[in-house]
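Colleague: Here you go, one structure.
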Amino acid sequence: MRAPGLDPAVFVHPQGVCESADVGVGTRVWAFAHVLDGARVGAGCNVCDGAFVEGGAVLGDRVTVKNQVMVFAGVTVADDVFLGPGVTFTNDLNPRAHVRHSVDELVPTWVDEGATLGARVTVVCGVTIGANAFVGAGAVVTRDVPAYAFVVGNPARQIGWACRCGRRLDPDLRCSCGRAWALDGDGLVESGALSCT
């Protein structure tokens, strides 16, 4: 099903549902995925089978939403983010079936550009996941994750740093892709390419 007014350059699988017309050109919504009215989805996104994007959720451009991902109202995902299979966001710190919260009462979550969330990551609402951070499979994120941090576990804890390419940096903050990094007062910064001699 396609929303009235949805750009014809948005692909919706015959068994997918896209009720939002606020979806960017080149985005694909696959079988059994459901994008509710009121969701905003950028251009060039890939919303895979069984994913759910609730009204009030925002996805930037070129976001990969793998199978069975749940993105609820109050979650904002910036450009070029990878959401692995089964990633789940929450938006209510005190949920009760008999208590209905307004959208204004939901706790917002922010995922900054280029971040990767591995398979089955759970994100407790109210956190910020920094740019190019890497959250390992199965982690439970309960607090903010710095940009470029590499975190794993329950609760997620930082065990290193990630390169812009997605690989984990070695102890000298170098990456096999050739980039070199350094720590300053604001976190990790790229310090240049390694020389190949």
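Colleague: Near the amide H of residue 129, under 5 Å away, which other amide H atoms are found, from residues 5 or more places off or on another chain, if H is placed in the peptide plane?
Modeller: 110, 111, 112, 145
Colleague: For the pair residue 137 and residue 103, how long in nm is the line joining their label points, each one 7 Å along Cα→Cβ?
Modeller: So the label points at residue 137 and residue 103 sit 3.6 nm apart.
Colleague: With Cβ to Cβ distances under 15 Å as the rule, what net charge do the other residues near residue 177 carry (K, R +1; D, E -1)?
Modeller: On the way: positive: 164, 167, 168, 174, 179; negative: 170, 172, 190.
Local charge sum for residue 177: +2.
Colleague: Sorted by accessible area (1.4 Å probe), largest first, how do 83, 36, 183 line up?
Modeller: On the way: 83 0, 36 45, 183 100 Å².
Order by accessible area, largest first: 183, 36, 83.
Colleague: Let me ask another. Once you have a ≥ b ≥ c as the square roots of the Cα gyration tensor eigenvalues for the stretch 54-102, tell me rounded if a/c is under 1.5, and otherwise prolate or oblate according to whether a/b is larger than b/c. Could you put the intermediate results ahead of the total?
Modeller: On the way: a/c = 3.18, a/b = 1.90, b/c = 1.67.
It is prolate, given that a/c is not under 1.5 and a/b is the larger ratio.
Colleague: At 1.4 Å probe size, with every protein chain present, just tell me what the per residue accessible area of the chain comes to in Å².
Modeller: Dividing the accessible area of the chain by its residue count gives 49 Å².
Colleague: Label residue 158 and residue 189 with points 7 Å out from Cα along Cα→Cβ: what is the distance between them in nm?
Modeller: Result: 1.6 nm between the two label points.
Colleague: With each label point set 7 Å from Cα along the Cα-Cβ vector, what nm distance links residue 92 and residue 176?
Modeller: Those two pseudo-labels are separated by 4.5 nm.
Colleague: Highest first, please rank the peptides 111-117, 125-131, 3-9, 158-164 by the mean number of other Cβ atoms sitting within 10 Å of their residues.
Modeller: On the way: 111-117: 23.6, 125-131: 19.7, 3-9: 12.0, 158-164: 18.1.
The most tightly packed comes first, giving 111-117, 125-131, 158-164, 3-9.
Colleague: When a/c reaches 1.5 or more, the comparison of a/b and b/c decides; with that in mind, is the stretch 44-197 rounded, prolate or oblate per its Cα gyration tensor? Could you put the intermediate results ahead of the total?
Modeller: Details: a/c = 2.34, a/b = 1.90, b/c = 1.24.
Prolate.
Colleague: Taking every DSSP beta bridge that has both residues in the chain, what percent is antiparallel when rounded to the nearest 5?
Modeller: Details: 12 of 49 bridges.
If I count the DSSP bridges inside the chain, around 25 percent turn out antiparallel.
Colleague: Also: What list of ³J(HN,Hα) couplings, whole Hz, do you get for the stretch 33-43 from phi and the Karplus terms 6.51, -1.76, 1.60, once you set θ to phi - 60° and write x for glycine and proline?
Modeller: 7, 9, 10, 7, 4, x, 7, 10, 10, x, 7
The values are calculated or read from the model by the stated rules, or taken from the named source; none is laboratory data. Not measured: the values here are computed from a predicted model. Cβ atoms come from the backbone with ideal geometry, glycine included; neighbour counts cover every protein chain shown. We work out accessible area using only protein heavy atoms, side chains counted, and drop any ligands, DNA or RNA first. Shrake-Rupley method; radii C 1.70, N 1.55, O 1.52, S 1.80 Å.
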